[in-house]
Amino acid sequence: MSIGPGDKRDPVVLIAHDYVTQRGGAERVVLSLLDAFPGSELVTSVYAPEATFPEFANYRIHRLWPGRLGVFRKDPRRAMPALASAFGFARPPRADVVICSSSGWAHGLNTDAPKIIYCHTPARWLYQLEDYLPEIPKPARLPVRALLPFLRRWDRKAAKEAAVYIANSSIVRDRIRRSYGRDAEVINPPVVIDVDGEQEPIPGVEPGYLLCVSRARGYKNVTAICQAVADSPGERLVVVGPLPPDAVTDAEAAQRVTAVSRLSDAQMRWVYSNAAALIAVSREDFGLTPIEAYAFGTPAILLGAYGYLDSSIDGTTCVFVPSGDTAAIKDGITRFRATHFDPEVLKAHAETFSEAHFHEKLRRIVDDVLTAGSTSR
């Protein structure tokens with residue numbers, strides 16, 4: 001990559017992300033962005049190293065002021081009304097270009113460098129409030145509602161400042177167009193799980209189970225998955241993450257549902273490779289877990305909507321279900337058991353979402369932005 005005509009040094013790339021406090025798909029994308037641009041640094045509002053991927057310790061991370069308060073490190077959603085100003089008045093390190101991994105805050109980072117927005121979704125708490133408000137801690141709900149007009153103006157102004165918008169899926173591209181009136185190129189997130197790494201079995205879990213990898217959020221529909229498995233004689237379920245309080249109410253079904261958390265990478269590789277199928281029926285913007293499962297030759301039972309339409313092929317890599325309710329999931333389990341899936345086809349499909357392809361596309365866009373900037377001066 002080059003800065004401009006006659007300047008061959010590598011660009012200084014800064015990565016910005018909303019907050020780094022969990023082990024999720026967005027955090028994996030941030031790690032991949034840092035890997036794509038050696039020497040890059042990260043700016044984020046809150047960083048909780050004990051709760052996220054340990055690989056973040058390999059990078060220089062600049063925390064904004066909310067990250068200095070323990071209450072926000074425990075749950076950064078409590079800082080929601082203040083995060084706009086935290087990013088808007090930040091003083092980040094100098095950079096030639098900033099890549100903002102954003103679902104609502106990081107794209108407003110205060111910088112003179114051109115910004116490339118990698119958008120996981122326009123802010124749910126601004127444009128899908130009916131879905132997201134129940135997930136916001138109660139003390140923050142009233143301030144969020146009161147500040148909505150200001151926050152929407154701030155958000156749309158930040159969107160206008162971007163040099164380039166990238167969507168992580170087709171549905172997010174459509175949301176960007178509706179919310180901001182901007183066109184976005186779709187670049188799906190990469191799969192970065194190491195399929196050849198060491199595997200460590202989960203004590204007491206026998207292969208052949210159905211698998212759910214999910215945080216305990218209402219829109220993830222974990223309770224409906226548990227109930228569908230409970231209604232399917234002989235089926236077992238492993239849930240990676242906490243179970244909602246009402247997930248399993250029947251004593252017999254409870255014997256067939258196992259919840260595990262804070263798994264190592266070796267244990268995650270084992271749960272993917274030894275599952276009969278992954279079940280994911282949440283309203284995902286993209287959803288990396290099916291691709292991770294395919295990398296191990298494991299098929300999926302998926303909601304036939306949202307980001308899963310970008311990542312999966314009905315009858316080839318997965319069985320689609322029409323909704324996330326218990327009856328639809330139960331029917332999907334039955335149809336899955338009657339369908340043959342070729343593990344090699346699944347693995348080949350996962351390869352199309354490789355990290356190498358992701359890096360190549362991002363580097364091209366950085367080159368284009370820097371070239372456009374140098375020729376406009």
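The values are calculated or read from the model by the stated rules, or taken from the named source; none is laboratory data. Computed from a prediction, not measured in an experiment: that's the story for all the values here. Cβ placement follows ideal geometry from the backbone for every residue including glycine, while neighbour counts extend to all protein chains displayed.
Would you confirm, using the coordinates I've provided, whether Tyr209 is more than 22 Å from the chain's Cα centre (by Cα), crowded, with 21+ Cβ neighbours inside 10 Å and either modelled with pLDDT under 95 or not charged (D, E, K, R) (or both)? Answer is yes for this residue.
Assess whether Ala338 counts as being out of contact with any Leu (no Cβ under 6 Å at 6 or more places or on another chain), without any contact (Cβ under 8 Å) to a residue 60 or more places away in the chain and not basic (Lys, Arg).
On the way: out of contact with any Leu (no Cβ under 6 Å at 6 or more places or on another chain): yes; without any contact (Cβ under 8 Å) to a residue 60 or more places away in the chain: yes; not basic (Lys, Arg): yes.
Yes, satisfied.
For region 75-107, which residues satisfy the criterion of being within 19 Å of the chain's Cα centre (by Cα) and either surrounded by fewer than 18 Cβ atoms within 10 Å (Cβ to Cβ) or modelled with pLDDT under 90 (or both)?
The initial filter retains those residues of region 75-107 that are within 19 Å of the chain's Cα centre (by Cα), namely 75-77, 80, 99-107.
Once the filter is applied, which keeps residues that are within 19 Å of the chain's Cα centre (by Cα) and either surrounded by fewer than 18 Cβ atoms within 10 Å (Cβ to Cβ) or modelled with pLDDT under 90 (or both), region 75-107 yields Asp75, Pro76, Arg77, Met80, Gly104.
Arg177 - would you say it is modelled with pLDDT of 95 or more, out of contact with any Phe, Trp or Tyr (no Cβ under 6 Å at 6 or more places or on another chain) and not polar (S, T, N, Q)? Write out each step before concluding.
Details: modelled with pLDDT of 95 or more: yes; out of contact with any Phe, Trp or Tyr (no Cβ under 6 Å at 6 or more places or on another chain): yes; not polar (S, T, N, Q): yes.
Spelling it out, Arg177 is indeed modelled with pLDDT of 95 or more, out of contact with any Phe, Trp or Tyr (no Cβ under 6 Å at 6 or more places or on another chain) and not polar (S, T, N, Q).
Just to verify a result, which residue in region 270-310, among those that are aromatic (Phe, Trp, Tyr) and more than 28 Å from Pro122 (Cα to Cα), is farthest from the chain's Cα centre (by Cα)? Only one residue tops the list, namely Trp270. Across region 25-53, the number of residues qualifying as under 18 Å from the mean Cα position of the chain (by Cα), under 20 Å from Pro189 (Cβ atoms) and in a loop (DSSP other than H, G, I, E, B) comes to 2. When each of Arg9, Arg23, Arg28 is tested for being among the basic types (Lys, Arg), surrounded by fewer than 23 Cβ atoms within 10 Å (Cβ to Cβ) and more than 27 Å from Arg68 (Cβ to Cβ), the lone residue that passes is Arg9. Only one entry of Glu292, Glu360 meets the criterion of being closer than 24 Å to Leu31 by Cβ and surrounded by 15 or more Cβ atoms within 10 Å (Cβ to Cβ), and that entry is Glu292. Ala95 falls short on exactly one of the conditions (1) assigned to a loop (DSSP other than H, G, I, E, B); (2) hydrophobic (A, V, I, L, M, F, W, C); (3) closer than 18 Å to Thr21 by Cβ, and that condition is (3).
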